[in-house]
Each structure stands twice: as structure tokens, then as C-alpha cells.
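The values are calculated or read from the model by the stated rules, or taken from the named source; none is laboratory data. Given the structure is predicted, the values throughout are model-derived calculations rather than measurements. Here the Cβ positions follow ideal geometry from the backbone for every residue, glycine too, while neighbour counts run over all protein chains shown. What goes into the accessible areas is simple: the full protein's heavy atoms, side chains included, and nothing from ligands, DNA or RNA. Shrake-Rupley method; radii C 1.70, N 1.55, O 1.52, S 1.80 Å.
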Amino acid sequence: MTQSIQAIRGMHDILPDRVGLWQYIEDTARAVLTAYGYQEIRTPLVEVTELFNRSIGEVTDIVEKEMYSFLDRHGDSLSLRPEGTAGCVRAAIEHGLIQQPQRLWYRGPMFRYERPQRGRYRQFHQIGVEVFGLLGPDIDIEMILLTARLWRSLGLGELRLELNTLGDNTERQVYRARLVEYLRPYADRLDPDSRRRLETNPLRILDSKDPGTQEILVGAPRLLDVLGAESRAHFETLCAGLDALAIAYRINPRLVRGLDYYNRTVFEWITEQLGAQGTVCAGGRYDGLIAQLGGRPTPAIGFALGIERLVELLGQGNRSAHPAVDAYLVALGERADIESLRLAERLRDRLPGLRLLVNCGGGSFKAQFKRADKSGARFALVLGEAELERGLIGIKDLRAPEDQRDLDFETLVAVLADELSVNVVMPASAGMGA
Ligand code: ATP
Ligand code: MG
């Protein structure tokens with residue numbers, strides 16, 4: 001027997017029984033983002049590798065060891081995007097979008113060669129938001145309000161907001177030096193990753209999960225203490241705004257982000273229900289990035305959320321048992337094959353919200369009803385020789401102990417619209433896209 005081929009490790013199919021949950025998250029996010037006036041942008045999945053080296057940073061985990069990079073047939077180094085911000089900024093510069101403030105969002109797959117585990121995959125999906133040209137902190141607050149509304153709309157109550165500030169570039173340099181000075185005497189006791197980062201990316205040590213390293217960090221200097229007046233004011237206004245708008249948060253002085261480009265505000269939304277991979281959404285300000293990528297200096301802030309992690313959270317709440325169709329059209333007899341397709345078209349013209357499955361491939365009355373039941377549909381519609389003869393359509397509620405009724409077309413439209421709460425399009429405009 002020929003051996004079958006399987007999906008790549010860490011990359012997953014999203015099967016029809018789960019896809020409803022994905023669509024629910026995507027549709028809800030789109031509605032919330034639209035309500036705040038954000039516009040969607042779509043950029044390629046592949047970019048020149050240089051873009052990520054220059055934005056994410058050479059000494060980050062992503063660029064050092066997680067990128068899917070390859071040479072194309074021309075010998076250029078390209079990479080599958082590991083995140084969405086770099087491409088978004090590139091596109092905004094390339095198309096002159098940064099001349100005025102922009103509120104953008106995107107969604108799609110990202111690729112990182114990580115060790116696959118619960119909540120961590122090699123192809124995963126993000127919804128991301130980027131705002132260009134606004135200094136904040138008002139927009140920082142808006143962005144957090146937007147995420148809080150999204151959790152409410154999704155019915156997620158138990159997320160915790162953590163907040164920190166990374167200061168500006170100069171402040172971070174000062175802090176970096178102090179941190180290294182403090183940690184150097186402990187170098188032998190740091191975990192290996194942190195020891196390496198002492199030379200390359202010391203701020204990331206703050207993020208270490210190693211208990212020994214964490215113990216050492218208890219006495220470390222705090223970035224909050226080296227902030228200048230402007231950065232301090234930014235952070236204080238942000239916190240005061242969140243207080244005024246009743247958004248609860250926790251200041252976490254150890255919160256740093258994995259990417260190099262962040263400054264000032266950083267935040268994460270965290271759940272306790274997903275184990276180690278508890279961050280569902282993370283973001284912050286990156287005022288230097290646009291200039292770093294060749295654009296006119298423009299402040300910016302953004303975040304990205306992991307759809308897989310939200311799917312898992314919502315899936316725990318058992319939200320997936322949602323049938324895919326409302327009605328199943330049973331077709332009996334030779335004439336009914338074509339006539340059932342015609343009837344289905346007429347119904348779809350009049351009831352654009354109706355989800356209607358037509359039985360194709362024949363079968364006995366009993367077999368077709370079995371399929372109708374299995375589809376999850378609420379109603380079976382029946383079109384056989386007898387119905388055709390009399391110009392009527394049978395309808396049977398599959399979820400109630402009720403006999404089949406035979407209705408004319410207009411009555412059927414009215415009954416379905418009423419029972420399923422879907423809109424009716426008047427006959428005159430049917431099929432005209434009105
Ligand atoms: P983590 O600390 O979990 O590795 P990160 O700092 O690398 O996260 P970001 O690059 O900020 O994450 O991405 C934003 C969000 O995207 C994360 O909070 C998470 O929800 C999701 N995410 C990141 N990497 C993965 C992955 N490999 N698989 C699934 N989701 C991911
Ligand atoms: Mg990561």
C-alpha cells in the first residue's frame with residue numbers, strides 16, 4: 001500500500017468541526033475593530049529576510065533560531081513571516097500610508113520554528129493591530145479598551161492585564177548597563193540562556209522562567225526607577241486613564257517583550273487556564289521602528305493575539321456544538337433532482353441568511369431523512385413527485401414531534417424566515433443582489 005503523507009510537525013489542519021469557533025473569533029474581532037475605525041491590511045506571507053533582521057533584531061530568539069528562511073531560485077534570502085508588524089510597517093512606508101495617522105489590522109498565519117507544545121505551534125495565527133503616527137498615551141489606552149471589549153464580546157471574563165514601560169532608547173541603555181552590572185557577579189548561577197543573554201540581550205533575562213535566575217532577579221534594579229520625566233509622565237497618564245475607565249491592570253516591572261523594537265508601553269493579556277502558554281495577546285509601543293526601516297520618524301503602537309490560544313480557551317467553554325445548516329432538502333424521484341436545485345436557488349434568493357443543504361446523489365426517503373438528521377438541520381424540506389404535482393413543498397421540524405406539512409412557496413418562505421429569524425428579500429428584487 002502507498003504510504004500516506006502527513007502535515008508538517010507543528011502545523012495543523014483546522015477541521016470543519018472546529019472552524020465555527022475560528023469564524024466566531026474572527027468575525028467578532030472584525031466587528032470590534034471596525035467599530036473603532038480600524039482598517040484591514042493584507043501583506044504577503046513571504047518577505048526578504050533582511051526586513052525581519054532589521055526590525056525584530058539579530059539577537060532575538062525569532063531571528064536567531066526560529067525563522068523559516070530559504071534562498072529562492074534567484075539566490076535571494078526570503079523568510080516566511082514570523083510576525084505581522086514588520087510587513088505592515090514595510091507596506092505603510094512603501095505606499096506612503098504614514099503621511100497621516102493610520103489604524104490598521106491584519107490576520108493570518110505566522111511561522112516560527114519553535115518546539116511544538118500546547119499553545120505553541122510552528123504555523124499559528126494572529127490577529128494584529130498597528131497604529132502609526134500617534135504619540136499616545138491616549139491611543140495606548142484606546143488600544144487596551146479595544147482588547148477589553150473584544151474579550152467581553154467573546155464572552156471571556158478571566159483575562160488579566162499586565163503592564164510595564166520600557167522607557168525610551170537612552171533610558172533603556174542606562175538601565176541595561178545597570179542590570180548587567182548587577183547580574184555579572186551572579187553569572188555562574190544564571191541559567192545558560194540568561195548567561196548568554198548577559199552579553200547579547202540582557203533585558204530578556206527579566207523574562208526568564210528559571211527559578212534560580214528569578215531568585216537573583218528579586219534584587220535587580222528596576223527600569224521604572226531610571227525613567228526620565230517624559231517617559232514617566234506617559235506611563236502615569238496611561239495608568240490614570242485606565243483607572244478612570246475602570247480597566248483593571250497589574251504593573252509587572254519584569255514584563256519585557258521578545259522583540260527588540262519595543263519602547264515605553266508594553267502590555268500582555270494573560271489567562272491562568274492555558275498552562276505555560278498563558279499569554280493570549282501582547283503588544284506595545286515601537287516608536288523607533290518606522291525610522292529604523294527607512295521611513296520618516298513616526299511613533300507607533302500595536303499588539304497581536306494568538307487565535308489558537310483563544311480557540312482553546314473558548315473551546316473549554318464548550319461552544320462548538322453549533323450546527324452548520326438550518327434546512328436539508330430531500331429530493332425524491334427523477335424530476336425532483338433538478339427541481340430541488342431550482343427550488344433551493346429560489347429559497348436562497350429570498351432568504352439570504354438561510355443555510356440550506358440539498359441532498360445530492362439520490363437515495364430512499366428513509367436514507368435521505370437520516371442524512372438530514374445527521375446534518376444537524378432543524379428542518380427537512382421535501383420535494384417528491386406528489387409535491388411537484390400539487391406545487392407544494394413539504395416541511396418537517398426534525399427537532400420536534402410534529403407531522404410534515406405541505407406549503408406553497410410563499411408560505412414556506414414566511415415560515416422559514418419566522419422560525420429561523422432570517423431576513424426575507426421581496427420577490428421583485430430577488431436575485432438582483434438588493
Ligand atoms: P511567547 O512568550 O508565548 O513565546 P511571544 O512573545 O513570542 O510569546 P508575540 O510574538 O508577542 O509572542 O506574539 C503575540 C501572541 O501570539 C502571543 O501572545 C501568543 O498568543 C501568540 N503566539 C506567539 N507565538 C506562538 C506560537 N508559536 N504558537 C501559537 N501562538 C503563538
Ligand atoms: Mg515566543
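Is it the case, given these coordinates, that residue 406 is part of a strand (DSSP E or B) and either open to solvent by 40 Å² or more (accessible area, probe 1.4 Å) or touching a His at 6+ places or on another chain (Cβ under 9 Å) (or both)? Walk me through it before giving the result.
Details: part of a strand (DSSP E or B): yes; either open to solvent by 40 Å² or more (accessible area, probe 1.4 Å) or touching a His at 6+ places or on another chain (Cβ under 9 Å) (or both): yes.
It is true that residue 406 is part of a strand (DSSP E or B) and either open to solvent by 40 Å² or more (accessible area, probe 1.4 Å) or touching a His at 6+ places or on another chain (Cβ under 9 Å) (or both).
When you look at residue 170, is it part of a helix (DSSP H, G or I), at pLDDT below 90 and either among the β-branched types (Val, Ile, Thr) or touching a Cys at 6+ places or on another chain (Cβ under 6 Å) (or both), yes or no?
Numbers: part of a helix (DSSP H, G or I): yes; at pLDDT below 90: yes; either among the β-branched types (Val, Ile, Thr) or touching a Cys at 6+ places or on another chain (Cβ under 6 Å) (or both): yes.
Taking the combined requirement at face value, the residue satisfies it.
Counting just the residues of segment 10-34 that are surrounded by fewer than 13 Cβ atoms within 10 Å (Cβ to Cβ) and charged (D, E, K, R), which one comes out nearest to residue 118 (Cα to Cα)?
13
In segment 248-266, which residues are assigned to a strand (DSSP E or B) and in contact with a Cys (Cβ under 8 Å, 6 or more places away or on another chain)? Even if it seems obvious, please write down each step before you answer.
We begin by selecting, within segment 248-266, every residue assigned to a strand (DSSP E or B); these are 250-251, 263-266.
Result: 251, single match.
For residue 115, state whether it is open to solvent by less than 30 Å² (accessible area, probe 1.4 Å), within 13 Å of ligand 1 (Cβ to nearest atom) and free of Cβ contacts under 8 Å to residues at least 60 places away in the same chain. Outline the logic, then answer.
Numbers: open to solvent by less than 30 Å² (accessible area, probe 1.4 Å): no; within 13 Å of ligand 1 (Cβ to nearest atom): yes; free of Cβ contacts under 8 Å to residues at least 60 places away in the same chain: yes.
Here the answer is no, as residue 115 does not meet what is asked.
What number goes with the only condition from (1) farther than 23 Å from residue 264 by Cβ; (2) more than 16 Å from ligand 2 (Cβ to nearest atom); (3) part of a helix (DSSP H, G or I) that residue 156 does not pass?
Result: residue 156 passes all but (3).
Report the residue count in segment 352-376 for those that are touching a residue at least 60 places away in the same chain (Cβ under 8 Å) and under 15 Å from residue 334 (Cα atoms). If you could, list the steps in order and put the result at the bottom.
Step one: list which residues in segment 352-376 are touching a residue at least 60 places away in the same chain (Cβ under 8 Å), which gives 352-354.
Filter once more, keeping what is under 15 Å from residue 334 (Cα atoms): none.
Residues in segment 352-376 being touching a residue at least 60 places away in the same chain (Cβ under 8 Å) and under 15 Å from residue 334 (Cα atoms): 0 in total.
From the list 200, 237, exactly one residue is within 33 Å of the chain's Cα centre (by Cα), more than 28 Å from residue 146 (Cα to Cα) and of a type in the set (Val, Ile, Thr). Which is it?
Working: 237 fails: more than 28 Å from residue 146 (Cα to Cα).
The unique qualifying residue is 200.
Return only the number of the condition from (1) within 16 Å of ligand 2 (Cβ to nearest atom); (2) in contact with an Asp or Glu (Cβ under 7 Å, 6 or more places away or on another chain); (3) open to solvent by 60 Å² or more (accessible area, probe 1.4 Å) that residue 7 does not satisfy.
Failed condition: (1).
Against the definition (open to solvent by 20 Å² or more (accessible area, probe 1.4 Å), in the same structural domain as residue 85 (by the TED database) and outside any loop (DSSP other than H, G, I, E, B)), how does residue 232 come out, yes or no?
Working: open to solvent by 20 Å² or more (accessible area, probe 1.4 Å): yes; in the same structural domain as residue 85 (by the TED database): yes; outside any loop (DSSP other than H, G, I, E, B): yes.
The answer is yes for residue 232.
Does residue 87 qualify as being within 16 Å of ligand 1 (Cβ to nearest atom) and either of a type outside the set (D, E, K, R) or more than 21 Å from the chain's Cα centre (by Cα) (or both)? Show your work before the answer.
Details: within 16 Å of ligand 1 (Cβ to nearest atom): yes; either of a type outside the set (D, E, K, R) or more than 21 Å from the chain's Cα centre (by Cα) (or both): yes.
Judged against the criteria, residue 87 is a match.
Listed here are the residues, each with its yes/no results for (1) among the hydrophobic types (A, V, I, L, M, F, W, C); (2) part of a helix (DSSP H, G or I); (3) free of Cβ contacts under 8 Å to residues at least 40 places away in the same chain.
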position: 215; (1), (2), (3): no, yes, yes
position: 236; (1), (2), (3): no, yes, yes
position: 240; (1), (2), (3): yes, yes, yes
position: 246; (1), (2), (3): yes, no, yes
position: 276; (1), (2), (3): yes, no, no
position: 303; (1), (2), (3): yes, no, no
position: 313; (1), (2), (3): yes, yes, no
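Could you list, in sequence order, all residues of segment 152-172 that are under 29 Å from residue 224 (Cα atoms) and either hydrophobic (A, V, I, L, M, F, W, C) or within 25 Å of the chain's Cα centre (by Cα) (or both)? Before the answer, list the steps.
At the first step, the residues of segment 152-172 found to be under 29 Å from residue 224 (Cα atoms) are 158-172.
Of everything in segment 152-172, those that are under 29 Å from residue 224 (Cα atoms) and either hydrophobic (A, V, I, L, M, F, W, C) or within 25 Å of the chain's Cα centre (by Cα) (or both) turn out to be 158, 159, 160, 161, 162, 163, 164, 165, 166.
Confirm whether residue 184 is of a type outside the set (Phe, Trp, Tyr), in contact (Cβ under 8 Å) with a residue 24 or more places away in the chain and outside the structural domain of residue 256 (by the TED database).
Working: of a type outside the set (Phe, Trp, Tyr): yes; in contact (Cβ under 8 Å) with a residue 24 or more places away in the chain: no; outside the structural domain of residue 256 (by the TED database): yes.
Judged against the criteria, residue 184 is not a match.
Take segment 349-381 and flag every residue that is open to solvent by 40 Å² or more (accessible area, probe 1.4 Å) and over 24 Å from residue 16 (Cα atoms).
349, 363, 364, 365, 366
Scan 175, 182, 186 and give me the residue that is of a type in the set (Ser, Thr, Tyr), within 19 Å of residue 220 (Cβ to Cβ) and open to solvent by 60 Å² or more (accessible area, probe 1.4 Å). Walk me through how you get there before you give the answer.
Values: 175 fails: open to solvent by 60 Å² or more (accessible area, probe 1.4 Å); 182 fails: open to solvent by 60 Å² or more (accessible area, probe 1.4 Å).
The conditions single out 186.
Hey, can you tell me all the residues within segment 41-79 that are of a type in the set (D, E, K, R) and out of contact with any Pro (no Cβ under 9 Å at 6 or more places or on another chain)? It would help to see each step written out before you state the result.
Narrowing segment 41-79 to residues of a type in the set (D, E, K, R): 42, 47, 50, 54, 58, 61, 64-66, 72-73, 76.
42, 47, 50, 54, 58, 61, 64, 65, 72, 73, 76 - these are the residues of segment 41-79 that are of a type in the set (D, E, K, R) and out of contact with any Pro (no Cβ under 9 Å at 6 or more places or on another chain).
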